[in-house]
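Novice: Below is a structure I'd like to ask you about.
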Amino acid sequence: AQSVTQLGSHVSVSEGALVLLRCNYSSSVPPYLFWYVQYPNQGLQLLLKYTSAATLVKGINGFEAEFKKSETSFHLTKPSAHMSDAAEYFCAVSESGGNKLVFGAGTILRVKS
Amino acid sequence: NAGVTQTPKFQVLKTGQSMTLQCAQDMNHNSMYWYRQDPGMGLRLIYYSASEGTTDKGEVPNGYNVSRLNKREFSLRLESAAPSQTSVYFCASSDPTANSGNTIYFGEGSWLTVV
């Protein structure tokens with residue numbers, strides 16, 4: 001069975017500081033990995049995804065994530081936080097070509113001015 | 001470009017009442033999903049439909065039924081609502097056959113409170 005662990009339910013950074021949101025996965029088959037963002041009272045929006053091509057994946061709004069098979073990780077980073085990045089972020093995993101996503105519990109990112 | 005549309009956005013029910021959440025997508029996707037979101041638990045899959053005419057249970061199906069009415073529409077029914085079903089419900093769709101790596105697209109959510 002697949003699973004996702006997001007370390008830290010809340011992360012707080014200063015505006016302009018590095019953003020690092022951690023995600024570790026468990027999968028018995030080659031995974032597809034996703035990061036979604038959810039702004040208050042809205043649905044989920046895809047930030048980026050890994051589908052077995054390049055291990056460093058660039059997404060929208062300056063975010064990127066690196067797939068590390070040896071560490072079973074897919075951490076999300078952004079060099080410089082902006083106030084508009086404050087939201088909840090979800091990491092998710094699915095089997096390659098599979099129908100179902102399994103989500104982590106989410107990490108709420110707070111950006112301080 | 002509507003994407004995934006779900007109704008109603010807000011609903012308050014009394015324990016034991018029934019209701020149906022409606023969902024439609026205009027992206028010609030084969031697969032559709034219903035998730036529920038609860039604080040600290042992420043999103044959990046209730047039911048999904050891989051294609052028109054098929055439905056399968058997800059992680060938390062108890063207390064729910066679904067209907068894949070046609071390729072566009074996938075409804076979620078609560079036959080006898082319970083306070084434990086107070087949650088935010090998200091409908092979603094995807095096309096696993098595409099080269100997009102099965103990106104799942106979400107609706108805006110339906111906030112359901114059972115009192």
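The values are calculated or read from the model by the stated rules, or taken from the named source; none is laboratory data. A quick note: this is a predicted structure, and the numbers were derived from the prediction, not measured. Here the Cβ is made from the backbone with ideal geometry for all residues, glycine too, and neighbour counts use every protein chain on show.
Novice: Among the residues of region B:1-50, write down those that are surrounded by fewer than 22 Cβ atoms within 10 Å (Cβ to Cβ) and in contact with a helix residue (DSSP H, G or I) (Cβ under 9 Å, 6 or more places away or on another chain).
Specialist: B:13, B:15
Novice: Here is a further query. Name the residue, out of B:80, B:67, that is more than 11 Å from chain A (Cβ to nearest Cβ), of a type in the set (Gly, Ala, Ser) and not in a loop (DSSP other than H, G, I, E, B). I'd like the intermediate steps shown before the answer.
Specialist: Working: B:80 fails: not in a loop (DSSP other than H, G, I, E, B).
B:67 is the lone residue from the list that is more than 11 Å from chain A (Cβ to nearest Cβ), of a type in the set (Gly, Ala, Ser) and not in a loop (DSSP other than H, G, I, E, B).
Novice: For region A:49-72, give me the residue count where each residue is touching a residue at least 24 places away in the same chain (Cβ under 8 Å) and surrounded by 12 or more Cβ atoms within 10 Å (Cβ to Cβ). Step through it out loud before you land on a result.
Specialist: So in region A:49-72, the residues touching a residue at least 24 places away in the same chain (Cβ under 8 Å) come out as A:50-52, A:59, A:61, A:63, A:65, A:67, A:71-72.
Narrowing the set further to residues that are surrounded by 12 or more Cβ atoms within 10 Å (Cβ to Cβ) leaves A:50-52, A:59, A:61, A:63, A:65, A:67, A:72.
Residues that pass the stated criteria total 9.
Novice: Say we look at region A:73-113 and pick out the residues that are hydroxyl-bearing (Ser, Thr, Tyr), modelled with pLDDT under 95 and under 15 Å from residue A:32 (Cα atoms); which of these is surrounded by the fewest Cβ atoms within 10 Å (Cβ to Cβ)?
Specialist: The residue in question is A:96.
Novice: Can you name the strands (runs of 3 or more DSSP E) wholly within region B:9-64 that have at least 3 residues being within 11 Å of another protein chain (Cβ to nearest Cβ) and at pLDDT 90 or above? Steps first, please.
Specialist: Numbers: elements: B:10-13, B:19-25, B:31-37, B:43-49.
Counting at least 3 such residues, we get B:31-37, B:43-49.
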